[in-house]
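Working notes, structure below.
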Amino acid sequence: MSQLPGLGLALLSLVAWTAAAQPPSERTVRVRRVPLTGAPVDVRVAPGIPTTLNFDADINPGTVELGDSGHVRVLDVGARSITLTPGTELGEAVALRVRFADACLPLEPVLSLRADAAEVDAQVTAYRDARAPEWLRAQVAELEARNATCQAELAALRERGRATSPAALVLSGQLEKGVQVDRPRCEPAILEGGLACDTERRHLAATWVVVSVRLRNPPGQPVWRPGAAWLVSESTRERFPARMVALEPEAPAPGTEGTVALEFARPPRRPGEVFRVEAREAEGTRHLSVRGVKVQDADRPAPKKDEP
């Protein structure tokens, strides 16, 4: 019996085994940068070769959508990257949609995963193109939002300026009886806390009281920031909270001076009543106390006219 048929079968088996052991085709591995313009971006993928997609902004991992997830497996989703690979050669392109984590970035990249006989993308860096219509619209929207915020702040500043101008105070009636100035005194005990004060002033109008104090923060002491403040009746202990506490500069550094102004609504008029101001340090124990604050000066009776 001839041995040729057996030899032919062996050769055929060897050829089949060699073909199975080698890849069907050689692909060139690429690393690319592509702009995001709103149009789908082609990404070339191949089985057994992971493809990593990098973005120039944080993405929302929960919004990663695959058009046909049965043929593509997502290996990892990071803050700005996605790594994936197809299980088999793709017959048709598979869409991958990504959304950025920042809601102010309306651009939603769409990547088209497809097979290519010659090349495969090992890494694709997708960056936002400043010329893209979606990106330009987002920039315009951001500028419009900033402009609206600035206009609102400017309107508030103008309104505040009108409300605190001398003319506005006259129209409001707060200066109907004038602003009177007095000299209360700081409590000596505050010297123990390393904070000194002088040049106290009390400004009294028809509806408000402002007490200002010049402070000295000695060297070696931390900055001083005021917290809550009250106007306290010396006789009844009734407390009226400050409606504004202003400090210039905002936090006197060690070895510097500053002025604190405390504004209160004018309390009920009771003859002879004297108040004190208590201002707590925001973080610390160096509290401010100013005694001898009177709120009756504006009620002095008008001088009687001479009788005819």
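What follows is calculated from the coordinates using simple rules that are stated; it is not laboratory data. Given the structure is predicted, the values throughout are model-derived calculations rather than measurements. Glycine also receives a Cβ, built like all others from the backbone with ideal geometry; neighbour counts cover every protein chain displayed.
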#### Entry: Dipole magnitude (debye, nearest 20) for the stretch 20-128, charges at Cβ of Lys, Arg, Asp, Glu
180 debye
#### Entry: Top positive-direction residue, dipole computed over the stretch 180-298 with Cβ charges, set Cys197, Phe275, Asn217
Phe275
### Query
So how strong a dipole does the stretch 212-260 carry about its Cα centre when Lys and Arg Cβ are +1 and Asp and Glu Cβ are -1, to the nearest 20 debye?
100 debye
### Message
Given contacts defined as C-alpha pairs under 8 Å and at least six residues apart, what's the relative contact order of the stretch 20-128, whole-number percent?
### Response
44 percent
### Task
Could you tell me, in Å, what Rg and Dmax come out for the Cα atoms of the stretch 203-263?
13.5, 42
### Query
Roughly speaking, what % of Cα-Cα pairs in the stretch 20-128 are separated by over 16 Å, rounded to a whole number?
56 percent
## Note on the structure
Between Val140 and Ser112, the FRET efficiency computed from the C-beta separation at R0 = 30 Å comes out, to the nearest 0.05, as 0.60
### Task
Would you please give the residues with an amide H less than 5 Å from that of Ala242, counting only those at least 5 places away or on a separate chain, with H modeled from the backbone geometry?
Ala229, Trp230, Leu231
#### Entry: Alpha-carbon centroids, the stretch 54-118 and the stretch 211-231: separation in whole Å
58 Å
